[in-house]
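The values are calculated or read from the model by the stated rules, or taken from the named source; none is laboratory data. Computed from a prediction, not measured in an experiment: that's the story for all the values here. Positions of Cβ are backbone-derived with ideal geometry, glycine not excepted, and every protein chain shown enters the neighbour counts. Note: areas computed on protein heavy atoms with side chains; ligands, DNA, RNA excluded. Shrake-Rupley method; radii C 1.70, N 1.55, O 1.52, S 1.80 Å.
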Amino acid sequence: MSIADELLVLDCGERADRKLGFEILSLDEGRVFNGRQAIIIAACAKIPGITEPVDVVIKRVAKAHIEAKGRTGDARTAFIESAETELTFYDSVHMLDASVQPLWPKKYLSYKNDTADTPEYVLVLEDLVPKGYSQTPNLDERCMKDGLEALATLHAAGWVGRDAVKARASSLLKVPIRGTFWALCKRAEPERDQAAVNEHWQSVCASFLPDPAIDTTLGERLRRSAPDIDRIVENASVTTVHGDAKGPNMFFKNTPPQLQLSDRVRLIDSQWMGYGNPLSDVANFLSAGLAVELLPQFDSFFQFYETALLTRLPAPFQAEYRTVVKPTWDTAWLDYCRCAMLGLWRGMCPAKIARNKGVVGLSMISQSLPHVRFLTQRVNMKLKERGL
């Protein structure tokens, strides 16, 4: 039995293809991944109701992922909620605005076993790789602009239809509808505990010193300001957000810019979707994805997003953006950086960054020293502007 065959066996002991009623014709053994978040298997399959074989990706969140090391208490609950959110999203994607639906891969089949103490989730989705799409954490100008346009399309559609979106989310989801994985209410206790933050940040500083970009006071300043920052960001929640918008969670295709957006970029991984501040997505996408040589253009890419959003919003919503949302840009960015620096950077050191380089599933903040320096210097500057 191959590794892929073993990973297809559900926690109940039955194979996923048999349980869901489809036939696997062949497995792509070179595209089998069993990570901390999920199992991913690429295959060619015969799907009920579809005449021709189709290329699919089978995504399975099993008991082993939910009960992974360190995933206990609130972290375990949040992870289950994220898997539930993604399954529910794909089951209801047909209800989205027509401008947004094509930005996601097709869903063929889904399965949820919530009868056991630990649930299990399976999605069978359209495989984008055979169609010429690819992933990269290191986004050039073309990919960056296509990704920002995709986010602007999502945000504008959710904003204009927000009352329906909130009502639908409340009725469909058995989970909180606030989007983004780094919302303070979803983060582990060590990011909120003063002693734990100080211990972590001093460890980061010791690993990077004598790098002058790494300020030894930054961890505690971020922790102390986090509740106020979180409140400001949440108060500007006006639309649907992706919640984990980064290069590895998009597929890009090198096609002429005049083609429709879904022929150039697709979004995946919707576990952390919900209602939120659209600038949270932009903060994540720019910080985690900009190619090193584009970091000096950080503000210019924000302006590109802003233009893309405003061209998609009717006049009354444009006014709301300018008065309610835009003033929170720096705050939304600091909110994301708090999670990156106090959470995602645990155990980070120059040697680990070097090992991470080129890993598709990791964003640039985990594999680029220039990104570490850029974030820490800019965070220090923005906190000082606030007197923090």
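Of the solvent-accessible surface of the chain, computed with a 1.4 Å probe over protein heavy atoms with every protein chain present, carbon and sulfur atoms account for 53 percent. What lysines could a cross-link reach from K46, if we take a straight Cα to Cα line under 22 Å and drop same-chain neighbours fewer than 8 places away? The reachable lysines, counting only those whose Cα sits under 22 Å from K46, are K19, K59, K106, K107, K112, K131. Overall, the chain carries a charge dipole of about 520 debye about its Cα centre when +1 sits on the Cβ of Lys and Arg and -1 on the Cβ of Asp and Glu, all other atoms neutral. Working from the Cα coordinates of the range 4-160, the gyration tensor eigenvalues give, after taking √(5λ), semi-axes of 26, 21, 17 Å in decreasing order. Shown here is the pair-distance distribution of the range 252-388: with all Cα-Cα distances grouped in 5 Å bins from zero up to the longest one, the shares run 2, 8, 15, 20, 20, 17, 11, 5, 2, 0, 0 percent. Helical runs (DSSP H, four residues minimum) scored at -39500 (n - 2.57) apiece and divided by the length of the chain put the mean residue ellipticity at 222 nm at -13000 deg cm²/dmol. Scaling against 2.2 N^0.38 Å puts the C-alpha radius of gyration of the range 337-388 at 1.22. Solvent-accessible surface of the chain, averaged per residue with a 1.4 angstrom probe and all protein chains in place: 42 square angstrom. Within a straight-line Cα-Cα reach of under 27 Å, K326 can be paired with the following lysines, leaving aside sequence neighbours fewer than 8 residues apart in one chain: K145, K166, K186, K246, K382, K384. With 0.36 nm allotted per residue and the present C-alpha distance subtracted, the E293-C12 stretch has 96.3 nm of extension available. Computed over neighbours whose Cβ is under 15 Å from that of E320, the net charge equals +2, Lys and Arg +1, Asp and Glu -1. Classify the range 241-330 as rounded, prolate or oblate, taking a ≥ b ≥ c as the square roots of the eigenvalues of its Cα gyration tensor: rounded when a/c is under 1.5, otherwise prolate if a/b is larger than b/c and oblate if not. The shape class here is rounded. Since only G289, A319, P257 are under comparison, the one whose Cα sits farthest along the positive direction of the charge dipole of the chain, derived from C-beta charges on Lys, Arg, Asp and Glu, is A319.
One chain, two ends: L310 and S99. Fully extended at 0.36 nm per residue, the span grows by 74.4 nm beyond their Cα-Cα distance.
Kirkwood hydrodynamic radius computed over the chain comes to 21.7 Å, based on all pairs of distinct alpha carbons.
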